[in-house]
Amino acid sequence: MADTAARASRPAVRAPRPPVGGRPRARRRASPTAPPRSFRWARRIFLTALTGFVLLPVYVMLSSSLKPLRDVSGGFRWLPGELTVRPYLDIWRTVPLAHYFVNSLIVAGSATVCSVVIAVGAAYAVSRYRFRGRRVFTVTVLSTQMFPGILFLLPLFLLYVNIGNATGVALYGSRGGLVLTYLTFSLPFSIWMLTGYFASVPRELDEAAYVDGCGALGALLRVVVPAALPGIVAVAVYAFMTAWGEVLFASVMTNDTTRTLSVGLQGYATQNDVYWNQVMAASLVVSVPVVAGFLLLQRYLVAGLTAGAVK
């Protein structure tokens with residue numbers, strides 16, 4: 001009886017309340033391979049500083065393009081005192097920017113299409129067939145990337161002039177000559193990249209296409225090209241960006257009729273003054289096609305630069 005009374009006098013101990021959902025909460029444990037907290041904070045600080053470093057020139061360009069010329073010519077102010085969109089309207093009248101824009105689209109688009117078509121055929125032949133001189137061809141293609149582009153400026157200039165004098169085909173000062181010039185830089189990298197990409201596509205896919213009645217060209221177009229689409233897109237983006245922003249050869253190989261955007265921006269500088277607000281506005285307008293294309297094709301570009309794809 002005494003033991004029963006003692007137990008009854010003791011305060012009741014409440015059982016822990018179960019969490020919502022009926023399951024006990026599991027204590028979150030850090031993964032053994034997770035980096036330490038100091039490293040994560042250092043990484044965040046570094047990436048934040050790097051982002052600010054990258055976006056700072058963009059902000060300077062954007063703010064300068066929205067200022068009157070008198071505000072841009074003086075000392076730089078982080079916060080513009082007066083905002084105007086007049087520079088974005090004047091850039092089309094100060095220089096024939098629309099004409100330069102069309103020239104750049106034609107040259108860059110033609111160089112991209114030719115580079116992709118030639119590189120696909122050459123890379124397929126190198127990756128699928130064994131022929132005499134295959135290794136020499138591959139080494140020669142890669143060796144062209146060792147030399148700076150300025151070494152080819154004078155030889156190409158003399159070659160185009162002599163071809164024009166001998167045959168009457170005007171390569172110097174024409175869009176076609178500029179396209180051929182850009183192919184000398186984009187083709188080696190394109191062939192080298194697509195060769196490795198096509199090699200990652202199993203040969204069994206080609207054999208299955210042969211069984212279905214396709215020839216070598218049919219197997220390439222119906223099987224290999226769809227499987228290697230990310231790599232082809234990456235090559236196309238590289239070729240387009242190389243031709244779109246090139247300045248050295250465009251300043252020598254073009255004239256007033258075939259001038260491209262990268263050279264046409266020099267027209268905003270006169271003997272008396274430089275229209276800095278229009279230069280910044282035109283630079284932003286020029287970068288729109290490249291940025292838009294990169295954002296649209298980013299998924300294919302990342303996949304093409306990292307690994308092969310097999311469907």
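Highest mobility in the GNM of the chain, judged by mean-square fluctuation with C-alpha springs under 10 Å and restricted to 264, 75, 196, is found for 75.
As a fraction of the 1.4 Å probe accessible area of the stretch 44-167, surface on carbon and sulfur atoms comes out at 74 percent. Per-residue 3J(HN,Hα) values for the stretch 228-236, derived from phi via the Karplus relation 6.51 cos²θ - 1.76 cosθ + 1.60 with θ = phi - 60°, read 9, 4, x, x, 5, 5, 4, 5, 5 Hz in sequence order (x marks Gly and Pro).
In this structure the chain gives 64 Å² per residue of accessible area when probed at 1.4 Å with all protein chains present. Note on the stretch 79-97 and the stretch 205-241: Cα centroid distance 46 Å, given to the nearest whole angstrom. Just checking the listed ones, 245, 213, 177: in the Gaussian network model of the chain with Cα springs under 10 Å, the one fluctuating most is 213.
What are the trypsin sites (Lys or Arg not before Pro) within the stretch 56-132 that DSSP puts in a loop, where the Cβ has at most 12 other Cβ atoms within 10 Å? Listed in order of number, the matching sites are 77, 130, 132.
Counting only alpha carbon atoms, the long axis of helix 134-143 and the longest principal axis of the chain meet at about 90°.
Among (i) 21.8; (ii) 24.9; (iii) 19.8, find the value of Kirkwood radius over Cα pairs in Å that was calculated from the structure presented, and write down its label. Calculated Kirkwood radius over Cα pairs in Å: the matching label is (ii).
For helix 97-128, what angle does its Cα long axis make with the longest principal axis of the chain, in degrees from 0 to 90 and rounded to 10? Between helix and principal axis, roughly 80 degrees. Scalar couplings 3J(HN,Hα) for the stretch 144-154, obtained by applying the Karplus form with A = 6.51, B = -1.76, C = 1.60 to θ = phi - 60°, are 5, 7, 7, 9, x, x, 5, 5, 8, 5, 5 Hz; x denotes Gly and Pro.
The values are calculated or read from the model by the stated rules, or taken from the named source; none is laboratory data. Since the model is a prediction, treat every value here as computed from it, not as a measurement. Heads up, the Cβs are rebuilt from the backbone with ideal geometry, glycines too, and the neighbour counts pull from every protein chain shown. These accessible areas exclude ligands, DNA and RNA; they are computed on the full protein's heavy atoms, side chains included. Shrake-Rupley method; radii C 1.70, N 1.55, O 1.52, S 1.80 Å.
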